[in-house]
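Coordinate-derived values only; no laboratory data. All figures in this text were calculated on a predicted structure; none of them were measured in a lab. Because the Cβ atoms are built from the backbone with ideal geometry, glycine has one as well, and the counts that use them run over all protein chains shown.
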Amino acid sequence: MSGKMLVIVTIIGYALIAYFISTIVHEVGHVICGLLNKWRFFMLVVGPFKLYREDINGKIRFGLEKDITLWGGCGGTFPAKHDDKNVDIFARILLAGPLASLILGAVMMIVFFMTKHELTLMIGLVAIGEGIACILPMNIKTGILYNDGSRFKRIIKHGKEREEEKALLSILITGMLEGDDAVFEEETIKILCSSEDADYKYYGLFYAYLNARKENNEVRMMAIKREAAELKEKASKYTLSVCVME
């Protein structure tokens with residue numbers, strides 16, 4: 001292997017290691033904040049690897065993540081019950097990931113200036129970049145969801161967007177706690193269905209559809225599917241893939 005090729009391979013290797021370490025710290029930041037607020041661990045995904053519970057009360061298992069959209073990192077915790085404070089706790093959890101990245105980046109830059117080791121520089125730069133990209137309130141989505149900073153901003157604005165985030169969180173908690181027996185609050189669903197964001201609205205229609213299916217209300221199911229069909233050009237492919245109305 002030539003000297004030039006060795007340098008290229010080393011840079012690529014360092015970049016992959018840096019990204020893996022930075023993402024682990026970022027997602028663990030989310031998880032630790034959740035645990036400190038007495039939420040239960042549910043999932044940690046980094047690349048194709050994951051730690052997860054099959055349900056909120058199940059054992060923690062190790063496995064491979066099949067959903068490629070989560071390979072960029074996902075750390076999840078859930079509360080044990082519904083509570084009005086959950087959305088504000090969630091806001092803190094959202095910030096914890098980017099802050100963990102920025103702290104890691106700062107520490108690695110100090111280590112680099114002390115050791116001059118290129119890997120520490122790469123970890124520092126990647127971590128700082130990831131922290132900034134996630135904490136700035138940019139309208140960047142991973143599937144249905146905006147980035148950490150955007151969702152934090154939506155929650156603290158105390159307006160319609162906060163209510164949408166609160167509704168989405170409430171629905172996810174209901175699904176997690178009640179499993180297949182879950183019946184979702186219609187008032188909560190209406191908040192999402194009135195959203196101007198196509199993904200949030202489609203998500204609301206999906207859970208309205210699940211309620212109607214549980215009630216064997218075929219007339220309502222068909223009406224919801226017709227309304228959802230009008231959003232298919234606006235909703236993301238990820239939303240359409242996870243919100244399937246059969």
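Entry note, region 119-246: relative contact order of 17 percent, from Cα contacts under 8 Å with a spacing of 6+ residues. Any idea which of L136, F42, M222 is furthest toward the positive side of the dipole for the chain, if Lys and Arg beta-carbons carry +1 and Asp and Glu beta-carbons -1? Value computed over the given set: L136. The ellipsoid that matches the Cα gyration tensor of region 13-101 has semi-axes, each √(5λ) in whole angstrom, of 23, 17, 9, with the longest given first.
Using the Cβ of I68 as centre and a radius below 13 Å, the other residues enclosed give a net charge of +1, where K and R count +1 and D and E count -1.
Select from Y19, F113, L169 the residue farthest towards the positive end of the dipole of the chain; place +1 on Cβ of Lys and Arg, -1 on Cβ of Asp and Glu, and compute about the Cα centre. The residue sitting farthest along the positive end of the dipole is F113. The GNM of the chain, with springs linking C-alpha atoms under 10 angstrom apart, assigns the highest mean-square fluctuation among I93, I132, I24 to I132.
Computed about the Cα centre, the dipole magnitude for region 30-70 is approximately 160 debye when only Lys and Arg (+1) and Asp and Glu (-1) carry charge, each at its Cβ.
Its Cα gyration tensor gives the chain an equivalent ellipsoid, and the semi-axes of that ellipsoid, as √(5λ) in whole Å with the largest first, are 37, 19, 18. By other beta-carbon atoms within 10 Å, ranking F184, F49 with the fewest at the front produces F49, F184. Taking all Cα pairs closer than 8 Å and separated by 6 or more residues, the relative contact order of the chain comes to 15 percent.
Packing order of peptides 220-227, 75-82, highest average first: 75-82, 220-227 (average count of other Cβ atoms within 10 Å over each peptide's residues). In terms of other Cβ atoms within 10 Å, I110, I128 run from fewest to most in the order I110, I128.
Between L125, N86, I155, the Cα set farthest toward the positive side of the dipole of region 42-184 (charges on each charged residue's Cβ, about the Cα centre) is that of L125. For the chain, the Cβ-based charge dipole about the Cα centre amounts to some 580 debye (Lys, Arg positive; Asp, Glu negative; other atoms uncharged).
Taking the Cα centre of region 158-242 as origin and assigning +1 to Lys and Arg Cβ atoms and -1 to Asp and Glu Cβ atoms, the resulting dipole is close to 300 debye. From helices alone, the chain scores -21000 deg cm²/dmol at 222 nm; the rule is -39500 (n - 2.57) for each run of n ≥ 4 DSSP H residues, then divide by the residue total.
Note: relative contact order over region 3-135, using C-alpha pairs below 8 Å and six or more positions apart, is 30 percent.
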